[in-house]
2 protein chains.
Amino acid sequence: MRDLQQTSGDVPDLMADIGRNARAASRPLALASTATKNAALEAMATAILVDREQILAANAIDLAGARQGGLAGSFIDRLTLTPERIEAMAAGIRAIAAVKDPVGEVMAEWDRPNGLHIERVRTPLGVIGVIYESRPNVTADAGALCLKAGNAVILRGGSDSLNSSRAIHACLVRGLRQAGLPDHAIQMVPVADRAAVGAMLTGLNGAIDVIVPRGGKSLVARVQNEARVPVFAHLEGLCHVYVDKSADLDMARAIVVNSKMRRTGICGAAETLLIDRSAASTHLAPLLDALKAAGCEVRATEEVRALVPGLASVSETDWSTEYLDAIISVTLVDGVEGAIAHINRWSSAHTEAVVAQDQAVADRFFAEIDSAILLHNASTQFADGGEFGMGGEIGIATGKMHARGPVGVEQLTSFKYRVRGTGQVRP
Amino acid sequence: MRDLQQTSGDVPDLMADIGRNARAASRPLALASTATKNAALEAMATAILVDREQILAANAIDLAGARQGGLAGSFIDRLTLTPERIEAMAAGIRAIAAVKDPVGEVMAEWDRPNGLHIERVRTPLGVIGVIYESRPNVTADAGALCLKAGNAVILRGGSDSLNSSRAIHACLVRGLRQAGLPDHAIQMVPVADRAAVGAMLTGLNGAIDVIVPRGGKSLVARVQNEARVPVFAHLEGLCHVYVDKSADLDMARAIVVNSKMRRTGICGAAETLLIDRSAASTHLAPLLDALKAAGCEVRATEEVRALVPGLASVSETDWSTEYLDAIISVTLVDGVEGAIAHINRWSSAHTEAVVAQDQAVADRFFAEIDSAILLHNASTQFADGGEFGMGGEIGIATGKMHARGPVGVEQLTSFKYRVRGTGQVRP
């Protein structure tokens, strides 16, 4: 790998090399057996545990730089590695090794009247570019997920985590070598220069098949605006919980509080609570009391405030605000129809939950809302690839093309058709 | 529908209206039953047959304009409607009605240890924008395919076919009405102004989920370069046939001639013939003689020309040229490995065929070439949604995202997750 200290004039050449190397590596990778890929993942997990001291030392350098730069506490927290977080990283790689290998799976097959037999078979996507912020664990997650799906990956992490990411990346490369896979299967952009991101967004002369941005809104928005290759991205998770009059109150209380408060900073956290107007006298006050008791600020319509004193006012902008904080907006709606109308107007199409004992209400909610994930009688915080049994995720997609919802190993694949004949020609 | 004669200053407003109307129509469409959609398709087919005289009269106006404009014969041919072509259009709509409705299909389902039951279920994509050249039949094909998959569609056909397309579109709208579906399910941009295309490529404020360009290279390239929404497109079909030394000569002859000569102007037509060097003495001359006898110009390497006299020379640019004409480039290669190397270097990843009796050769060809469609002992001209049993196609995608190969009804869908719980919250 080239040296870190170079001028941005070298970046286009460097990135073109990285692109060519990734494309070349993607061919043997696409043919690699499940056993070989899993051996590499196992060796990576072991290398990360063996190198934990070196990784922590590299992280200490990054942390010192970030503190000197006066970066925010939440930023420092995401950047920080601990022995426990390193162990979780290794366990995450092993969880991905345990996931079924999608490559080669026959997704569908059929015969034609002329005797042709057609199969649709899963293939790797090819080369994936992952652009992320200063969260060193993404280096391991993204590298492992892409490898399991037979893809080469180009990782471009935040500049403040470069030392940590390089230490982790070195472990990934050792794992590749031990399994006899090419080093270039997982490359890390070795420079902090932002021109490297711009080069990736152009696709590196066709070398990159898809870009995955993983980070805050400004990163994702930049990638979506500038990318000349397909992007798996979600801009935000503006998730709703609707409590129907048929809801069991205890269940509703548990789901509402968990959806909002378990972790407020994740995209699957609820931001708006919709309560059936018919349940205002029975469910409204207990639910809002539970939220307040859990430390949540409640912003409510005038109608709600008249029924439950002491609440802040909600404004129109709240309905489209992803707080990512201990704040929730609340309104009464006219049953499931009102909930559907509110959600279809304001949702970011990420995740919505309905709490109801009435199955017809849940069925209608499921049918008429077009969000990536719909839950009945469960917390929105289950919107997660690990919770879906995918072994991990590289993000949650809210677009409708290719991948939607959690992007795990299977979503990092494409397919091709294999057609077998006995000499057929077309009349 | 607004009048045709308006200034381009009105176009942004007009297009914004069309986008809003499409988005609004997409909701009832997504919920429409299979029976309702099929009733609409059946009524459209009938209306087209009933209105055939009006459609032919409209087409006569377009044809007179095109002739006056001095447009090329192939252009005029694609623009021309005949009673037979109108019948084929109606039959095409009925074939789409006969295809299985993908919407609502549970693609996968599984249980989690915590009792959550997860389903991945097919949904419409939403709103599709189709931009095509002056081929009036695309109006019917694209409208019907999008409707069957539960999508609203915005059609923008070539300006030289506007009268024909409007006459066909009127039949489609009558079919929608008869089935009780919204008129705006299938809208046609009523102006010839090119600014309408530009507006569609921006996505009409999020109203368009995907753009499908259907036409020649310059149209597709413009759409791919300018679109700010996902695009299903293929730039070209640079298809190869490899004849192995194990090939049955008669079968190889039939497949090579059919792949190249059945129709030379389609994207699934072969452009390059690769012959196993070990079969030069047995297969080369008979295959080239058959091509020449069928009226094909053969451009060959010096090695081939030394073995078969009277052939034109091939140059490096031929390997990347989609002739779409009765011309083929030929070279000898070192077995299937040589064929794979040539194809991976020059192919547009559309369709490739191998002719071989040796199964191991076919298996390797299938494994190591990453094109959308691979055929063993069959003609490349089967690369077609109708031939695949999809009831029709809106095009062939050579990208790796979402749809690849023929884009039929099923490929015009997305999916969402339905998660059913009993009060689960995340620990």
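The values are calculated or read from the model by the stated rules, or taken from the named source; none is laboratory data. Please read all numbers here as calculations on a predicted model, not as lab measurements. Reconstructed Cβ throughout: ideal geometry from the backbone, glycine too, with neighbour counts over all protein chains shown. Protein only, heavy atoms only, side chains kept; ligands, DNA and RNA dropped before computing areas. Shrake-Rupley method; radii C 1.70, N 1.55, O 1.52, S 1.80 Å.
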Residue tally, condition closer than 18 Å to B:G175 by Cβ, surrounded by 18 or more Cβ atoms within 10 Å (Cβ to Cβ) and out of contact with any strand residue (DSSP E or B) (no Cβ under 7 Å at 6 or more places or on another chain), over region B:9-34: 1
Qualifying residues in region A:361-371 (those that are at the interface with chain B (Cβ under 7 Å from one of its Cβ atoms), in contact with a strand residue (DSSP E or B) (Cβ under 9 Å, 6 or more places away or on another chain) and over 13 Å from B:R420 (Cα atoms)) - the one most open to solvent (accessible area, probe 1.4 Å): A:D370
Residues of region B:229-253 classified as more than 24 Å from the chain's Cα centre (by Cα), among the aliphatic types (A, V, I, L, M) and either under 26 Å from B:V407 (Cα atoms) or part of a loop (DSSP other than H, G, I, E, B) (or both), total: 1
Criterion: open to solvent by 10 Å² or more (accessible area, probe 1.4 Å) and over 13 Å from B:V257 (Cα atoms) - qualifying residue of B:A306, B:A326: B:A306
First in region A:31-50 and closer than 20 Å to A:P83 by Cα and not assigned by TED's automatic domain parsing to the domain that holds A:I96, second anywhere and at pLDDT below 95 and part of a helix (DSSP H, G or I), Cβ under 6 Å, 6 or more apart: none
Flag if B:S165 is of a type in the set (S, T, Y) and either in contact with a Phe, Trp or Tyr (Cβ under 7 Å, 6 or more places away or on another chain) or buried (at least 22 other Cβ atoms within 10 Å of the Cβ) (or both): yes
Residue that is most open to solvent (accessible area, probe 1.4 Å) [pool: residues in region B:177-197 that are under 24 Å from the mean Cα position of the chain (by Cα) and among the aliphatic types (A, V, I, L, M)]: B:A192
Of all residues making up region A:390-410, the number that are under 30 Å from B:V361 (Cα atoms) and surrounded by fewer than 23 Cβ atoms within 10 Å (Cβ to Cβ): 1
Scan of region B:395-427 for residues that are more than 7 Å from chain A (Cβ to nearest Cβ), out of contact with any Pro (no Cβ under 6 Å at 6 or more places or on another chain) and of a type in the set (S, T, N, Q), ordered by number: B:T398, B:Q411
Selected residue (criterion: most open to solvent (accessible area, probe 1.4 Å)) from residues of region A:208-225 that are within 11 Å of chain B (Cβ to nearest Cβ) and without any contact (Cβ under 8 Å) to a residue 60 or more places away in the chain: A:N225
Criterion (within 21 Å of the chain's Cα centre (by Cα) and either open to solvent by 20 Å² or more (accessible area, probe 1.4 Å) or within 14 Å of chain A (Cβ to nearest Cβ) (or both)) met by exactly one of B:G150, B:G157, B:G143, B:G115: B:G150
Failed item in (1) farther than 20 Å from A:L162 by Cα; (2) open to solvent by 10 Å² or more (accessible area, probe 1.4 Å), with A:K37 passing the rest: (2)
Filtered residues of region B:322-346 (kept if part of a loop (DSSP other than H, G, I, E, B) and either in contact with a Pro (Cβ under 7 Å, 6 or more places away or on another chain) or without any contact (Cβ under 8 Å) to a residue 60 or more places away in the chain (or both)): B:Y323, B:D334
Unmet requirement for B:F365, which otherwise passes all of (1) modelled with pLDDT of 95 or more; (2) among the hydrophobic types (A, V, I, L, M, F, W, C); (3) within 30 Å of A:T398 (Cα to Cα): (3)
Residue ID - nearest to A:S320 (Cα to Cα), chosen from residues in region A:259-273 that are surrounded by 24 or more Cβ atoms within 10 Å (Cβ to Cβ) and in contact with a helix residue (DSSP H, G or I) (Cβ under 7 Å, 6 or more places away or on another chain): A:T272
Within region B:87-112, considering residues that are among the acidic types (D, E) and surrounded by 14 or more Cβ atoms within 10 Å (Cβ to Cβ), the one farthest from the other protein chains (Cβ to nearest Cβ): B:E87
Residues that are open to solvent by 80 Å² or more (accessible area, probe 1.4 Å), within 30 Å of the chain's Cα centre (by Cα) and either at positive phi or not polar (S, T, N, Q) (or both), drawn from region B:309-323: B:E316
Hey, B:D250 among the acidic types (D, E), closer than 24 Å to B:F365 by Cα and within 14 Å of chain A (Cβ to nearest Cβ) or not: yes
Any hit, region B:4-11, residues being in contact with a Pro (Cβ under 7 Å, 6 or more places away or on another chain) and over 25 Å from B:E393 (Cα atoms): yes
Hits in region A:274-296 (condition: open to solvent by 50 Å² or more (accessible area, probe 1.4 Å) and either touching an Asp or Glu at 6+ places or on another chain (Cβ under 8 Å) or not assigned by TED's automatic domain parsing to the domain that holds A:N258 (or both)): A:R277
Hits in region B:220-249 (condition: of a type in the set (D, E, K, R) and in contact with a helix residue (DSSP H, G or I) (Cβ under 9 Å, 6 or more places away or on another chain)): B:R222, B:E226, B:R228, B:E236, B:D244, B:K245
Identity of the residue in region A:254-268, part of a helix (DSSP H, G or I) and more than 10 Å from chain B (Cβ to nearest Cβ), that ends up farthest from A:L374 (Cα to Cα): A:M261
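Yes/no matrix, rows are residues, columns are (1) in contact (Cβ under 8 Å) with a residue 24 or more places away in the chain; (2) in contact with a Gly (Cβ under 8 Å, 6 or more places away or on another chain); (3) over 23 Å from B:A30 (Cβ atoms):
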site	(1), (2), (3)
B:L81	yes, no, yes
B:I93	yes, no, no
B:E105	no, no, no
B:E119	yes, no, no
B:S134	yes, yes, yes
B:T139	yes, yes, no
B:A142	yes, no, no
Filter result for the condition that a residue is modelled with pLDDT of 95 or more, among the aliphatic types (A, V, I, L, M) and open to solvent by less than 10 Å² (accessible area, probe 1.4 Å), over B:V173, B:V130: B:V130
Checklist (1) aliphatic (A, V, I, L, M); (2) open to solvent by 40 Å² or more (accessible area, probe 1.4 Å); (3) in a loop (DSSP other than H, G, I, E, B) applied to A:A349, failing item: (2)
Selection within region A:372-389 - part of a loop (DSSP other than H, G, I, E, B), touching a Ser or Thr at 6+ places or on another chain (Cβ under 6 Å) and either facing chain B (nearest Cβ under 7 Å) or surrounded by fewer than 19 Cβ atoms within 10 Å (Cβ to Cβ) (or both): A:A372, A:S379
